[in-house]
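The values are calculated or read from the model by the stated rules, or taken from the named source; none is laboratory data. Worth saying up front: this structure is predicted, and the values here are computed from it rather than measured. Here Cβ is always computed from backbone atoms with ideal geometry, including for glycine, and neighbour counts include all displayed protein chains.
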Amino acid sequence: MTLRILVVGAGIAGLAAARGLRVAGFRPDVVEALPATVIPGAGIYLPGNASRALRLLGLDVPLRPLGDLIFRQVFLDQRGRELFEMDVAALWAGVGESRALSRADLQQVLLTGVGGEVRFETEVRRLEIVDGAAKVEFSHGGVSEYDLVVGADGRRSTIRELVGLGGPAVPTGQIVYRSVVSGGPPLTDWTALLGRRSAFVAMPMGGRKLYCYADETAPDRPNPEDPRKRLLELFGSFGGPVPAILEKVEKVQVARTDEVVLPSWSKGPVLLVGDAAHATAPSLAQGAAMSFEDGWVLGQELRAASDDIPAALRAYEQRRRPRCTEVRERTRERDRACDVPPSLRDPMLRRRGLRIFTDHYRELVPSV
């Protein structure tokens, strides 16, 4: 039997799912609501377990020339004084390299791994489960039937809504700012400065560019109309490399973060993966890693189940849910530290920060 599979979404999670299915011998259709001309901006940090998952997917070789390798994470207080540092090369030894790169470059690598056409500007308008199959109506008017639909369409998933797998994503109260800076100070490490309910992170991403990620906990504040102005206002008093970076900041993307927690990731022949199933705040930089792992595990479980889709989806969720729950809990734990006054937090991090932050990743070192 040749399974008819549809992957909805051609972002990181969708392309990882499509690749994982291809590696396992399946040939999914892939659709994306956005046009092909929409290119993701900013950068992305991939920890060692993300690199391992890409290796399993057979996509590690085209990634090697891209971006910059990260060997250390350095944590500073707001004034730029060291709190602690973490040897990420040692943490992920035997697992994979940590790397910062352009999101557009990563997207291109993932697109080349799909092995088939992605139908852009194609939305799913209706989805009906009939006799164990999924009947899908597309925005261009076409209707197709599938044995499996994989919803990889993000935190605000249309597929999740259409099949009633849960409510909307829940805001975490964070506002995040992202920018790529040229001509900034020569950083060699992933570097974070921790303020009061705010943090500023910068890292080299290749091509003499820095990827900057900053956040503030502000549940009642609307997104700023001028994100660059707000970034300068929020971090203008920070020390270390921040002043030199802010001088070079031109464009800033702003977004609110949210969380998705569901009692089940599947209903009949419909499965949610990536942020559509288990989104968290990006504090641990595990969103892409979890999506890569999702894609690999889905393909393996579907192949192992010999076309028994219900059995495959049960096995997939049993395998993935504990790991994704671990990421969510450790993310919440790290974010709670932002609410601790620096006068208490900083001395504690100088004493125990390395142990605490290393523990956040300990359960992710073993393979999927």
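Things to note:
- GLY184, sole failed condition from (1) modelled with pLDDT under 95; (2) closer than 30 Å to TRP265 by Cβ; (3) in contact with a strand residue (DSSP E or B) (Cβ under 8 Å, 6 or more places away or on another chain); (4) in a loop (DSSP other than H, G, I, E, B): (2)
- The set of residues in the stretch 23-47 that are over 16 Å from the mean Cα position of the chain (by Cα) and not in a loop (DSSP other than H, G, I, E, B) comprises VAL23, ASP29, VAL30, VAL31.
- Which numbered condition ALA202 fails, given (1) surrounded by fewer than 20 Cβ atoms within 10 Å (Cβ to Cβ); (2) modelled with pLDDT of 95 or more: (1)
- When each of ASP147, ASP131, ASP105, ASP68 is tested for being charged (D, E, K, R), more than 23 Å from SER266 (Cα to Cα) and surrounded by fewer than 21 Cβ atoms within 10 Å (Cβ to Cβ), the lone residue that passes is ASP105.
- Boolean, THR358 is in contact with a strand residue (DSSP E or B) (Cβ under 7 Å, 6 or more places away or on another chain), under 23 Å from ALA288 (Cβ atoms) and either polar (S, T, N, Q) or at pLDDT 95 or above (or both): yes
- When every residue of the stretch 291-310 is checked against the conditions, none turns out to be closer than 30 Å to ASP131 by Cβ, more than 16 Å from the chain's Cα centre (by Cα) and in a strand (DSSP E or B).
- Flag for ARG72 being farther than 25 Å from LEU34 by Cα, charged (D, E, K, R) and free of Cβ contacts under 8 Å to residues at least 12 places away in the same chain: no
- When VAL242 is tested against (1) surrounded by fewer than 22 Cβ atoms within 10 Å (Cβ to Cβ); (2) of a type in the set (A, V, I, L, M, F, W, C); (3) more than 19 Å from the chain's Cα centre (by Cα), only condition (1) is not met.
- Restricted to the stretch 1-22, and to residues there that are assigned to a loop (DSSP other than H, G, I, E, B) and among the small types (Gly, Ala, Ser), the residue that is surrounded by the fewest Cβ atoms within 10 Å (Cβ to Cβ) is GLY11.
- When the stretch 212-224 is filtered for residues that are in contact with a Leu (Cβ under 8 Å, 6 or more places away or on another chain) and under 14 Å from TYR45 (Cβ atoms), only ALA214 remains.
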